[in-house]
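Visitor: Sharing a structure here in structure tokens format.
Where a number appears in this text, it was derived from the coordinates with a stated rule and is not lab data. Remember, it's a predicted structure, so these values are computed and weren't measured experimentally. Glycine also receives a Cβ, built like all others from the backbone with ideal geometry; neighbour counts cover every protein chain displayed.
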Amino acid sequence: MTTSAEPRVARRRSIRRSGAAVARPGFAWAAPATLFFLLFAVLPLVLVAVLSFTDWDGLGSPQYAGLDNWKALIHDHVMIQSLWLSVLITVLGVVVQTPLSILLGVWAAGKQRNRAILSAIYFVPLLLSATAVSILWRALLDPNFGVPSQAKWLFGDGNLFGHQTSAIGVLVFVGAWQYTPFHTLIYQGAARAVPQVLYQAAEIDGAGTIRQFFHITLPQLRNTMITSMILMVVGGLTTFDTVLILTQGGPGTDTTISAYYMYQKAFKSFDFGGGSAIALVLVLIATVISLVVVKVSGYDKMRSSSEGL
Amino acid sequence: MKRRPNYLAGLGSLVWLFLIGLPLYVMLAATLQDRSDYSSNGPLAFPKHVTLHNYTQDFSNGFGHFFLNTLLVTLAVVAIVLLLVPPLAYAIVRSRGRITTGIFRLFLLGLAIPAQAVIVPMFYVISKAGLYDNLIGIILPTAAFSLPVCALILSGVMREITPDLYEAMAMDGASPWRVFFQLVVPLSKSGLSTIVVFSALQAWNGFLFPLVLTQSDSSKVITLGLFNFQTEHGIDIPGLLAAVVLSMLPIFIVYLFARRALVQGLMGVGGK
């Protein structure tokens, strides 16, 4: 803050004395948005819990079914497998995207001359829908007409979607292709905020670029890393469009992750109760992660330093 | 302030540029040639006979109609966001009540609610409300799910308004309404344009809500058109990729004009 505390206090008193208090908005200003959000996001969240205890085919009315869906879920090996697959794809995504986006973000935060032109192309995946991205890659990796058919020395039989390992590899790769630019952008913003004084001091001490990176840049990016990784985790756990378009959960159920399994159960097998139970598991996992991020990053204390009066 | 360039990251960025650029090139090249040319030349070849046939064919497959639907959904979502988020952010930043703090926390937690998690009850609510297979049924949930991020972005921008300005308004005895319209809104223009671009992007690219909440061709949006085209004519790769290009074209035009707002807004997501 540029103004020191004392004159501000004095001025505040003078305003009080003159009786001109700053008019503040009441909570009514937030009410319309809050009601809207409660109705279309929070109420469904409550309903998903209720529906998970019912039997519903999507047409009639839901019938109370007790713990049936939950019991079925515990014994459902596809469900257990889908949770493992979700975790695997999420962890691989974080492992691939984090180092990439940190390096790219730090680079982009510098003062390169052609950066504006490069980043214009660079951020295109941010604009594309997951649908468009998945369809693009499905076409590019098509076993008969795509790139693998041209480079058999690299891709073996060329049918990347026919084996579990390569299908998971494709999902992780396509996820990284689409979301690394977003995380790069976050890191770019954070890297710009690192005080230059730290680098100047390190320079005087004779620290090279690599040592500066590990001893100044990385520690300064700690909070951003937490935020970014948690976004990656929530995003990874809820990957859906990509799986639906690229692999349809296959071969067999080899890439059937939880979000896709939930969709299949509800909207393909018309078991909306069972689907709700899976959805609730997803909600619980996402809520735990978000509570962690709110605590760790201090988002909830994000009140302005210039908040006063 | 001179720093040595980071060569390692520089090299990495070139590799990455190649990884981004190559697929985009292959896509554009594929859409400009006939199906038979594409399969005989292979995906990496330069198109020999350039044609726009793939694009015109997509339009005769109904893409023009899907376009209009998407435009309608996007405009409505942006309108709702612009109507609801500025007063919300104003209250979050300026109100001192406990209720507002609680509301802010609710929206922060809302950031992490995945749309998949609520899709079954959403289907239930929208069906019961008689909005199934209706564009309004897509607009409402899409707008609701844009609120948390937009509230976060805009309240961040509004926090930058210094107390002196509020004091000056207070001297004039201004009401919250006047403070809002004469001070807060004009000074939050950058944030407002960010949330417009952001919510428009969300609405334009939305897939799950349309997939589950609509059925007939008359209420189909463009992402769903793409998906159906893929399942029905998956072998026609040039036609399919032309549809992908069409779906991103309007967003790309907006991006050329609003790049700064979008990039700045997304950069702020990382938190300070």
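Visitor: Nearest 500 deg cm²/dmol is fine: what mean residue ellipticity at 222 nm does the protein assembly as shown get from its DSSP H runs of n ≥ 4 alone, each adding -39,500 (n - 2.57), divided by its residue count?
Guide: -21500 deg cm²/dmol
Visitor: Now a separate question. How big is the C-alpha Rg of region A:54-193 next to the rule-of-thumb value 2.2 N^0.38 Å, as a ratio?
Guide: Normalised by 2.2 N^0.38 Å, the Cα Rg of region A:54-193 equals 1.45.
Visitor: Could you tell me, in Å, what Rg and Dmax come out for the Cα atoms of region A:178-287?
Guide: 21.1, 68
Visitor: Show me the helices of chain B, taken as full DSSP H stretches, that run 27 Å or more along their long axis by Cα and average -1.0 or above in Kyte-Doolittle hydropathy.
Guide: B:7-31, B:64-94, B:135-158, B:237-267
Visitor: Would you mind computing, in nm to one decimal, how far apart the modelled labels at residue A:28 and residue A:95 are, each placed 7 Å from Cα along Cα→Cβ?
Guide: Result: 5.7 nm between the two label points.
Visitor: Also: Expressed in nm to one decimal, what extension gain is obtained for the pair residue B:101 and residue B:129 from 0.36 nm per residue of sequence separation less their Cα-Cα distance?
Guide: Full extension from residue B:101 to residue B:129 adds 6.9 nm.
Visitor: Once you put a point 7 Å from the Cα of residue A:71 and another 7 Å from the Cα of residue B:14, both along the Cβ direction, what distance in nm separates them?
Guide: Between residue A:71 and residue B:14, the label points sit 6.5 nm apart.
Visitor: On to the next question. With label points built 7 Å along Cα→Cβ from the Cα atoms of residue B:24 and residue B:82, find their separation and express it in nm.
Guide: 2.8 nm
Visitor: Return the ratio Rg/(2.2 N^0.38 Å) for chain B, where Rg is computed over Cα atoms only.
Guide: In units of the globular-protein estimate, chain B measures up at 1.23.
Visitor: Take the alpha-carbon centre of region B:114-159, take the same for region A:214-281, and report the distance between them in whole Å.
Guide: Value for the Cα centre distance between the two parts: 19 Å.
Visitor: Given contacts defined as C-alpha pairs under 8 Å and at least six residues apart, what's the relative contact order of region A:115-189, whole-number percent?
Guide: It rounds to 33 percent for region A:115-189.
Visitor: Separate question: Pairs of alpha-carbon atoms within less than 8 angstrom and 6+ residues apart define the contacts here; what relative contact order does chain B have, in percent?
Guide: Values: 251 pairs, mean separation 80.9, N = 272.
Over chain B, the number comes to 30 percent.
Visitor: What residues have an amide H closer than 5 Å to that of residue A:271, excluding those fewer than 5 places away on the same chain, when H is modeled at 1.01 Å from N in the peptide plane?
Guide: A:266
Visitor: Pairs of Cα atoms under 8 Å, at least six residues apart: use those to get the relative contact order of chain A, whole percent.
Guide: Computed value for chain A: 28 percent relative contact order.
Visitor: Please report, largest first and rounded to whole Å, the three semi-axes of the ellipsoid equivalent to the protein assembly as shown, where each semi-axis is the square root of five times an eigenvalue of the C-alpha gyration tensor.
Guide: 40, 32, 24
Visitor: Would you please give the residues with an amide H less than 5 Å from that of residue A:54, counting only those at least 5 places away or on a separate chain, with H modeled from the backbone geometry?
Guide: Sorted by chain and number, the residues that satisfy this are A:65.
Visitor: Continuing with the same structure: Can you list the DSSP H helices in chain A whose Cα atoms extend at least 18 Å along the helix axis and whose mean Kyte-Doolittle hydropathy is -0.5 or higher?
Guide: A:77-109, A:164-192, A:222-237, A:272-297
Visitor: What's the Cα-based Rg to Rh of region A:126-229, Rh via Kirkwood?
Guide: Numbers: Rg = 20.1 Å, Rh = 16.9 Å.
Result: Rg/Rh = 1.19.
Visitor: Quick check for the protein assembly as shown: number of Lys pairs with alpha-carbon distance under 19 Å, counting only pairs 8 or more apart or on different chains?
Guide: Details: A:71/A:265; A:111/B:2; A:295/B:272; A:301/B:272.
Close lysine pairs found across the protein assembly as shown: 4.
Visitor: Between region A:173-195 and region B:47-113, what is the C-alpha centre distance in whole Å?
Guide: Cα centres, region A:173-195 to region B:47-113: 22 Å.
Visitor: Residues of A:191-202, mean number of Cβ from any other protein chain within 10 Å of their own Cβ, rounded to a whole number?
Guide: Mean partner-chain Cβ count within 10 Å for A:191-202: 1.
Visitor: Moving to a separate point now. Can you list, bin by bin at 10 Å, the percent of alpha carbon pairs in chain A, starting at 0?
Guide: Reading the bins upward from 0: 5, 18, 24, 23, 17, 9, 4, 1, 0.
Visitor: Something else about it: In whole Å, largest first, what are the principal axis extents of the Cα atoms in region B:67-181?
Guide: 53, 30, 21
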